[in-house]
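Single-structure report; data block below.
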Amino acid sequence: MVKPYEHVQNICRMVYYSGRKNYLFTHRDKSALEYLERYNLFEYFCDFVTKESKLKKKPQPDAIMYIIEKYNLKKEEVLMIGDRDIDILAARNAGVDSCIFAPTLIQNAGNADYSIGSIEQVAKIIGL
């Protein structure tokens with residue numbers, strides 16, 4: 001059973017109400033959206049890139065670039081947060097900052113711009 005990490009809802013809400021945007025980029029199909037709805041997270045996201053989007057999988061940067069172009073974002077203002085090395089590689093390939101979220105801090109985060117063990121640390125990184 002997929003379940004969000006502790007404090008994810010708080011961070012997503014803080015980002016949303018600060019005027020910033022959350023986007024979801026997942027290898028999962030649209031069932032990921034059902035999880036967001038189940039855990040009261042859906043409303044905090046502006047757009048979603050799922051398996052159905054038919055964009056190349058991570059570590060290819062296509063989905064990140066799609067969001068950047070669609071919403072006219074500045075690369076220097078984008079932070080890709082992920083819990084796997086492949087997420088960090090996708091961010092690097094897109095030319096945006098990356099943050100590895102590894103609650104156990106076991107993963108190799110040497111390539112990430114930021115490494116956090118608690119999702120609450122995102123607030124400090126983005127200045128909330």
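Here, each number is a calculation from the coordinates, and none is a lab measurement. Quick caveat: nothing in here was measured; it's all calculated off a predicted structure. Virtual Cβ from ideal backbone geometry, glycine too; neighbours counted across all protein chains shown.
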(message) What does the net charge come to around I88 if you take all other residues with beta carbon closer than 13 Å to its beta carbon, with K and R at +1 and D and E at -1?
(response) -2
(message) With n ≥ 4 as the cut-off for DSSP H runs, can you work out [θ] at 222 nm for the chain, using -39500 (n - 2.57) per run divided by the number of residues, rounded to the nearest 500?
(response) -8500 deg cm²/dmol
(message) Taking 28 Å as the cut-off for C-alpha to C-alpha distance, list the pairs among K3/K51; K21/K56; K3/K74; K56/K124; K51/K124 that go past it.
(response) K3/K74; K56/K124; K51/K124
(request) Give the Rg (one decimal place) followed by the Dmax (whole number) of segment 17-82, computed from C-alpha coordinates and expressed in Å. (result) 12.0, 32
(request) Please compute the Cα-Cα pair-distance distribution of the chain with 5 Å bins starting at 0, giving whole percents from short to long. (result) 2, 11, 20, 25, 25, 15, 2, 0
